Amino acid sequence: MGNKKLWISFAFIILALFPPLFLSQYWLHVMIISLFYVMMASSWNLIAGFTGQVSFAHAAFSGMGAYTSGMLTVYLGLPPWLGILIGTGVAALLGFGLGYLCIRMGGIYLSLTTLGFSEILRIIITNEDQWTRGTMGLQVPGFFVEYSKTSYYYLFLIVTILLLIVIYKIIHSEMGLTFRAVLNDEVAASSSGINTVRVRVLAFAISSAMSGLAGGFYGHYLMLITPDVPSLGQMFLVLAMAVIGGMGSFAGPIVGSFVLEILSEYIRVYGEYHVLLFGLIALAMARFAPEGVVGILRKKWRREWA
Amino acid sequence: MGVIIEGKGLTKSFGGLTAVKKVDFHLNKGEIVGLIGPNGAGKTTLFNLMSGVYHPEEGTLSFNGMEITSLKSFEICRLGIARTFQIVRPFLKMSCLENVLIGIIGRGDPREGIKAKGEEARKLLKFVSLEGHEKNSANNLTLIEKKRLEMARALATQPRLLLLDEVLAGLNPSEILQALELIEVIRTQLKMTIFWIEHVMGAIMKASDRIIVLDQGEKIKEGRPEEVVNDSKVIEAYLGESDA
Ligand SMILES: Nc1ncnc2c1ncn2[C@@H]1O[C@H](COP(=O)(O)OP(=O)(O)OP(=O)(O)O)[C@@H](O)[C@H]1O
Ligand SMILES: [Mg+2]
């Protein structure tokens, strides 16, 4: 990592320590949710932005993480951290299985299969209500004996930073290089000795595991898990955050998550149309500014400073 | 010497068109063999069959005595066959160094450290005269530089057999000479077998041990360069092209 980038990251982390000192409980909640979305959008970006596989099952995997951990803590009395660990593992395994099944199809088939998978999962969760409590929601224990938004904020901050470090390391590793080669040109990558199917399945499984982890923490923060967690509405919100922020860049989904989550707090009063609105903006961005907000700003700064 | 690759009765069609028709051929270890034929003769398709981009409907391919007919591209590459593309396919959104690194990673040898791989990639870029372009995006290269980059990426996989699809196209006479020198070095110092497609007749005739001629998917002639240029069927095939 370049020295400049290291200092900028460091400065942001220091700044991120202060919000609990001056933010209201309400805005602290918005920050925690934003951090959850940073994890979701950044891990989705790992498959969509770096290997070009548009998966619609990302919210579903976060739901797997949330419900697995939730049910393990409720019915077996496991501590949340262990539940989340197992939930992450379940998401990873399912991600591996689903990836293995549909990645050979590639392209639009992958998108359609993942879409189907999400819907099936949502239906199962809604119908198996003796276990999941259906649309009523499953009440699960929190992380801390004494509920405190400040504690949750720091917990989410730490987990998000760790996850981002892992993503950064992956992007800049040999594995990340093979991700990008597959995205650039699959035939050329394969002819150069890269097992492209393995690369795609691996990316899919890793990204699904990360989403399961994010979902696990999310569930124990909300303490009430509903089928909204693995819903398509949630999926499109995450997609919009990554696309508007900037797919295929490290900072894009981070910026996109904070901007859209904060924005949606302001426009929520007009009803639940914000996901639709963000979806339309994301479509327009994908068409006219595929590098997203971060890409646009980067170009502008380069022009002004260079 | 011994045979390094052998194809028997290879056939591949696209819809109603048979691009490669019952082709038998072989290459000996250490040979440099030219593949020629008019446009659309099936030369690139034969390369695609040999590198696992397509699989033949009929016929078999064996490499060093091992059947590779239905293997995937990456498996074939790891066994020791690398290629360049007629219509270049470098990884455009990656740097030149990263392009070559992919070839090295493609060998699938986990013992080598990332540092050593970087050093090797640098050397290969230098070998194809692309030093100084390490951090440059492949997208910014000229067509000729892109071809050299593909060559470096193919060499990075440490092949025993190198398939070169029209690497001389678009070069001026002095660049052709440079490229031929490079190919000679690859053959003599790196001890690779070379199978190359070229439309630049003078060059391919001068530098090849043997020539294989395809026309409309079929092998119509095979032999030493001087035998091939005077063959009536070959002359006819090329004349037919200029008539059309
Ligand atoms: N993917 C494909 N789909 C359909 N037709 C194809 C495909 N690839 C090749 N062909 C056809 O197969 C025939 C042989 O093509 P090929 O590219 O192998 O010829 P070539 O000898 O390499 O010609 P050139 O000298 O022009 O490169 C052509 O008629 C071509 O149009
Ligand atoms: Mg060709």
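The values are calculated or read from the model by the stated rules, or taken from the named source; none is laboratory data. This one's a predicted model, so the numbers in the text were calculated from it and none came from an experiment. Here the Cβ is made from the backbone with ideal geometry for all residues, glycine too, and neighbour counts use every protein chain on show. Just the protein is used for accessible areas: all its heavy atoms, side chains included, with ligands, DNA and RNA removed. Shrake-Rupley method; radii C 1.70, N 1.55, O 1.52, S 1.80 Å.
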B:Asp231's amide H: which non-local residues (gap 5+, or another chain) put their own amide H closer than 5 Å, with H modeled 1.01 Å from N in plane and none for Pro or chain starts?
none
R0 = 35 Å: FRET efficiency of A:Val145 with A:Ile262, Cβ-based, nearest 0.05?
0.70
Which sequence of A:Phe236, A:Phe143 reflects their accessible areas, 1.4 Å probe, from the largest down?
A:Phe236, A:Phe143
For the pair A:Leu162 and B:Leu190, the simple spin-label estimate (label points 7 Å beyond Cα toward Cβ) gives in nm 4.5
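In whole percent, how big is the carbon plus sulfur part of the accessible area of segment B:89-158, probe 1.4 Å, protein atoms only?
Values: 1710 of 3320 Å².
Carbon-and-sulfur percentage of accessible area, whole number: 51.
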In segment A:156-193, accessible area falls by at least 30 Å² from chain alone to full assembly (1.4 Å probe) for A:Glu174, A:Leu177, A:Arg180, A:Ala181, A:Asn184, A:Asp185, A:Val187, A:Ala188, A:Ser190, A:Ser191, A:Ser192, A:Gly193
Sorted largest first, the Cα spans of chain B on the principal axes come out in Å as 54, 40, 38
In Hz, Karplus ³J(HN,Hα) per residue of segment B:84-99 (6.51, -1.76, 1.60; θ = phi - 60°; x = Gly, Pro)
10, 10, 4, 8, 3, 10, x, 7, 5, 8, 10, 6, 4, 4, 5, 4
For segment B:89-158, report the accessible area per residue in Å² (1.4 Å probe, heavy atoms, rounded to an integer).
47
State in Å² the accessible area per residue of segment A:219-272; use a 1.4 Å probe, count heavy atoms of protein chains only, and round to the nearest integer.
37
Shielding by partners - mean other protein chain Cβ count within 10 Å, residues of A:196-204
1
Gyration tensor on Cα atoms of the protein assembly as shown, a ≥ b ≥ c root eigenvalues, a/c under 1.5 rounded, else prolate if a/b beats b/c, else oblate, says prolate
Any chance you could check the Cα centroid distance between segment B:199-239 and segment A:53-71 for me, in angstrom?
61
Under a Cβ-Cβ cut-off of 12 Å, what is the net charge of the residues other than A:Ser190 that fall near it, where Lys and Arg count +1 and Asp and Glu count -1?
+3
Once the Cα atoms of helix B:232-243 and of chain B are each reduced to a long axis, what angle between those two axes, in degrees from 0 to 90 to the nearest 10, is obtained?
80
Please give the per residue accessible area of segment A:71-182, computed with a probe of 1.4 Å over protein heavy atoms only, in Å².
54
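Determine the gain in length on full extension of the stretch A:Arg198-A:Ala284; use 0.36 nm per residue of separation and subtract their C-alpha separation, reporting nm with one decimal. Mind showing how you got there, number by number?
Values: separation 86, 0.36 × 86 = 30.96 nm, distance 3.25 nm.
Separation in residues times 0.36 nm, less the Cα-Cα distance, equals 27.7 nm.
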Note to self: C-alpha centroids of segment A:143-182 and segment A:195-210 sit apart, in Å, by 17
How high is the relative contact order of chain A? Use alpha-carbon pairs under 8 Å, at least six apart in sequence, and give a whole percent.
31
Using each residue's phi in segment A:270-283, evaluate 6.51 cos²θ - 1.76 cosθ + 1.60 at θ = phi - 60° and report the 3J(HN,Hα) Karplus result to the nearest Hz, with x for Gly and Pro.
8, x, 8, 8, 5, 5, 4, 4, 4, x, 5, 4, 4, 4
Please give the contour-minus-distance gain from B:Asn140 to B:Glu236: 0.36 nm per residue of separation, less the Cα-Cα distance, rounded to one decimal in nm.
30.4 nm
I'd like the Karplus ³J(HN,Hα) series for segment B:112-118: coefficients 6.51, -1.76, 1.60, θ = phi - 60°, whole numbers in Hz, and an x wherever there's a Gly or Pro.
6, x, 5, 4, 4, 5, x
Sites B:Asn64 and A:Asn127 - FRET efficiency at Förster radius 60 Å, r taken between beta-carbons, to 0.05
0.55
Mind grabbing the interface size between A and B? I mean buried accessible area, both sides, 1.4 Å probe, in Å² to the nearest hundred.
1800
Under the rule rounded for a/c under 1.5, else prolate if a/b exceeds b/c, else oblate, using alpha carbon gyration tensor axes a ≥ b ≥ c, segment A:1-158 is classed as oblate
In nm, give the distance between the simple-model label positions of A:Leu23 and B:Leu182, each being 7 Å from the Cα along the Cα-to-Cβ direction.
5.5
Shape call for segment B:157-216, from the Cα gyration tensor axes a ≥ b ≥ c (a/c under 1.5 means rounded, otherwise prolate when a/b beats b/c, else oblate), comes out oblate
Going highest first, how would you order A:295-302, B:91-98 by mean Cβ packing within 10 Å?
B:91-98, A:295-302
Under the definition of partner shielding as Cβ atoms of other protein chains within 10 Å of a residue Cβ, what is the mean value for peptide B:72-84?
4
Give, in nm to one decimal, the length gained when the segment between A:His172 and A:Ile14 is fully stretched (0.36 nm per residue of separation minus the Cα-Cα distance).
54.5 nm
Assuming a viscosity of 1.567 mPa s and a temperature of 4 °C, what translational diffusion coefficient in µm² per second does Stokes-Einstein assign to segment B:89-158, Rh being the Kirkwood radius over Cα pairs?
112
In whole percent, how big is the carbon plus sulfur part of the accessible area of segment A:23-230, probe 1.4 Å, protein atoms only?
69
Could you sort B:106-117, A:111-122 so that the peptide with the highest average Cβ count within 10 Å comes first and the rest follow in order?
A:111-122, B:106-117
Tell me, what is the Rg over Rh of chain A, with Rh the Kirkwood radius over Cα pairs?
0.96
Given segment A:28-111, report the % of alpha carbon pairs whose separation exceeds 16 Å.
60
